[in-house]
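Peer 1: Here you go, one structure.
The values are calculated or read from the model by the stated rules, or taken from the named source; none is laboratory data. Please read all numbers here as calculations on a predicted model, not as lab measurements. Quick reminder, even Gly has a Cβ in these numbers, built from the backbone with ideal geometry, and neighbours come from all protein chains shown.
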Amino acid sequence: MVGLPSFATCLLSLILLATGSSAVPSIQHVYHNYTELTAALTDLNEAYPDLTDLYEIGKSGEGRSLWVIAIAGDSPGEHKELRPEVKYVGNIHGNEVIGREVLLQYAEYLLASYNTNDDVKKFLDFTRVHILPSMNPDGFEKSIEGQCSGLLGRYNTNGIDLNRDFPDYFQPDDEERQVETTAIMDWLKTEQFVLSANLHGGTLVANYPYDNMDPEKLAEYTSVLNDPSPYSACDDDDIFRFLSLTYAHNHLTMRNITANKCESDNPEAGFFEGVTNGADWYAVKGGMQDYNYIQEGCFEVTMEIACCKYPLTEELPQFWEDNKMALFEYQRQVHRGVKGLVKDAVTGLPLGGASVKVDNRIVTHNTTDLGEYWYLLLPDRYEVEVDMDGYIRQTKTVTVRAGLYSAQTVNFYLEIPSGGFINVPPSISFLSFLVILHKLI
């Protein structure tokens, strides 16, 4: 008969073998300073080496690493063809801290659930998740627990609001960007993210683009219609509302107007269904979500997930429960709409940098070096147009289905006009191109 100590040891060994782990960490419901945050992410990476990749996208103004943990069912350290990339960014304002902590919990939840939860497993088998718990670690170190409002710790070490520091489509400027901002901008060039959210505190609402609008239109609304905060709808307003409602309705209290008015005495306070258009709330110049969407084709929403910016430690378990399913269900929406590959019709080589437009929507999405594209859409019929210099523009009618994991795969093979030249992608060596050309001749 096996003794209890030996049985327990064997059981633990089987569990660790099943998870591919030598030690299973447990992220505690406490606030993690920079050193502790780094240690927690390192522990997760070491415990789940086959499911995670820990990397740095840059440094803060005071030299702290901006850590990202990537999570996927296989090959977490690299992009795989047509596997969409999604991300969460927390703590852009240093004193808005709940996002930082729930993202640590979320990372652990995905990893610990991979072999026990079919929904999590399927999601990670078809998606790569990137989590940046803290974009402003310098500001966090200056913040004080229990301060529900105020500006202490909000800004980076140079006193700059990082969520006002991105290049703005409506009000361009030539200002020098902060190192944290440029780290995000460079990151967006490295990975073509499809879906994203950044997590804030101070109220309870899902806020979607646009955050800003043309200054002349804003002045007209203000002077003629007496509306200083008009709704600034983008062409993808329908899917942005859907994404925001997905988060709000899966959050335990966000859609409840009694909860999301955050104890305000103002009878007009609160957000219907827990969502708002950014500019309709208040206009923001230089916001991160508009930059993601307009400049990089990434659908990003701003989640305000706590009425108090820096709540007491004892409240952390409830904040995790409030956001747990919302975080997961929101990211699963990346598997809607249309996706595909764009290639040269003659050589079959991928065409990176081709523009993809849907109907007459202003924002275009550019294909990756592998020729991939994604576009999040609600069920309907759409005209998808692909264009690239040196090729004949091509349009296809697509019917988008409802449901998760329903994204239509629609590939495009672009032809060169008579007298044109074959496009050789930079990723293809000259020798490889000659081999392909030889097979065609």
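Peer 1: Could you grab me the full set of residues in segment 352-374 that are among the hydroxyl-bearing types (S, T, Y) and surrounded by fewer than 18 Cβ atoms within 10 Å (Cβ to Cβ)?
Peer 2: The first filter runs over segment 352-374 and keeps only residues among the hydroxyl-bearing types (S, T, Y), leaving 355, 364, 367-368, 373.
Of everything in segment 352-374, those that are among the hydroxyl-bearing types (S, T, Y) and surrounded by fewer than 18 Cβ atoms within 10 Å (Cβ to Cβ) turn out to be S355, T364.
Peer 1: Going through A219, A259 one at a time, which residue ends up being over 15 Å from the mean Cα position of the chain (by Cα), surrounded by 16 or more Cβ atoms within 10 Å (Cβ to Cβ) and small (G, A, S)? Lay out the reasoning, then the answer.
Peer 2: Details: A219 fails: surrounded by 16 or more Cβ atoms within 10 Å (Cβ to Cβ).
Result: A259 is the single residue among A219, A259 that is over 15 Å from the mean Cα position of the chain (by Cα), surrounded by 16 or more Cβ atoms within 10 Å (Cβ to Cβ) and small (G, A, S).
Peer 1: Continuing with the same structure: Considering segment 26-68 alone, what residues qualify as being among the hydroxyl-bearing types (S, T, Y) and in contact with a His (Cβ under 6 Å, 6 or more places away or on another chain)? Outline the logic, then answer.
Peer 2: Within segment 26-68, the subset among the hydroxyl-bearing types (S, T, Y) is 26, 31, 34-35, 38, 42, 48, 52, 55, 60, 65.
Hits for segment 26-68: nothing passes.
Peer 1: Checking N163 against (1) polar (S, T, N, Q); (2) surrounded by fewer than 18 Cβ atoms within 10 Å (Cβ to Cβ); (3) touching a Gly at 6+ places or on another chain (Cβ under 6 Å), only one condition comes out false. Which one?
Peer 2: (2)
Peer 1: In segment 67-112, which residue that is under 30 Å from G352 (Cα atoms) and hydroxyl-bearing (S, T, Y) is surrounded by the fewest Cβ atoms within 10 Å (Cβ to Cβ)? It would help to see each step written out before you state the result.
Peer 2: Residues of segment 67-112 that are under 30 Å from G352 (Cα atoms), as a first pass: 67-89.
Now drop any that are not hydroxyl-bearing (S, T, Y), which leaves 75, 88.
Values: S75: 13, Y88: 24.
Per the criteria, the residue is S75.
Peer 1: Right, here's the next one. Is it true that S113 is among the small types (G, A, S) and free of Cβ contacts under 8 Å to residues at least 24 places away in the same chain?
Peer 2: Numbers: among the small types (G, A, S): yes; free of Cβ contacts under 8 Å to residues at least 24 places away in the same chain: yes.
Yes, satisfied.
To keep it simple, each residue is scored yes or no on (1) touching a strand residue (DSSP E or B) at 6+ places or on another chain (Cβ under 6 Å); (2) of a type in the set (S, T, N, Q); (3) assigned by TED's automatic domain parsing to the domain that holds L104; (4) within 30 Å of M303 (Cβ to Cβ).
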{"position": "F328", "(1), (2), (3), (4)": "no, no, yes, yes"}
{"position": "K343", "(1), (2), (3), (4)": "yes, no, no, no"}
{"position": "G371", "(1), (2), (3), (4)": "yes, no, no, no"}
{"position": "E383", "(1), (2), (3), (4)": "yes, no, no, no"}
{"position": "T399", "(1), (2), (3), (4)": "yes, yes, no, no"}
{"position": "A407", "(1), (2), (3), (4)": "yes, no, no, yes"}
{"position": "V410", "(1), (2), (3), (4)": "yes, no, no, no"}
{"position": "Y413", "(1), (2), (3), (4)": "yes, no, no, no"}
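Peer 1: Right, next: Could you list, ordered by first residue, the pairs with Cβ atoms under 8 Å in which the first is in segment 258-277 and more than 20 Å from S232 (Cβ to Cβ) and the second is surrounded by fewer than 21 Cβ atoms within 10 Å (Cβ to Cβ) and hydroxyl-bearing (S, T, Y), at least 6 apart or interchain?
Peer 2: Pairs that qualify, where the first residue is more than 20 Å from S232 (Cβ to Cβ) and the partner is surrounded by fewer than 21 Cβ atoms within 10 Å (Cβ to Cβ) and hydroxyl-bearing (S, T, Y), are A259/T253; N260/T253; G270/T258; G270/S264.
Peer 1: Further, regarding this structure: From the list D43, D118, which residue is under 30 Å from L341 (Cα atoms) and surrounded by fewer than 18 Cβ atoms within 10 Å (Cβ to Cβ)? Walk me through it before giving the result.
Peer 2: Values: D43 fails: under 30 Å from L341 (Cα atoms).
After applying the criteria, what remains is D118.
Rundown of residues vs (1) in contact with a helix residue (DSSP H, G or I) (Cβ under 9 Å, 6 or more places away or on another chain); (2) more than 27 Å from G287 (Cβ to Cβ); (3) part of a strand (DSSP E or B), yes/no style:
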| position | (1), (2), (3) |
| --- | --- |
| L54 | yes, yes, yes |
| A70 | no, no, yes |
| G77 | no, yes, no |
| V86 | yes, no, yes |
| R100 | yes, no, no |
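Peer 1: If I ask for residues that are at pLDDT below 95 and polar (S, T, N, Q), which ones from segment 213-252 would you list?
Peer 2: Within segment 213-252, T222, S223, N226, S229 qualify.
Peer 1: Right, next: Is it the case, given these coordinates, that L245 is among the aliphatic types (A, V, I, L, M) and surrounded by fewer than 17 Cβ atoms within 10 Å (Cβ to Cβ)? First the steps, then the outcome.
Peer 2: Numbers: among the aliphatic types (A, V, I, L, M): yes; surrounded by fewer than 17 Cβ atoms within 10 Å (Cβ to Cβ): no.
Against the criterion (among the aliphatic types (A, V, I, L, M) and surrounded by fewer than 17 Cβ atoms within 10 Å (Cβ to Cβ)), L245 does not qualify.
Peer 1: Sticking with this one: Can you name the strands (runs of 3 or more DSSP E) wholly within segment 281-385 that have at least 2 residues being within 30 Å of Q28 (Cα to Cα), of a type in the set (A, V, I, L, M) and in contact with a helix residue (DSSP H, G or I) (Cβ under 8 Å, 6 or more places away or on another chain)?
Peer 2: Numbers: elements: 299-306, 338-344, 355-358, 372-375.
Counting at least 2 such residues, we get 299-306.
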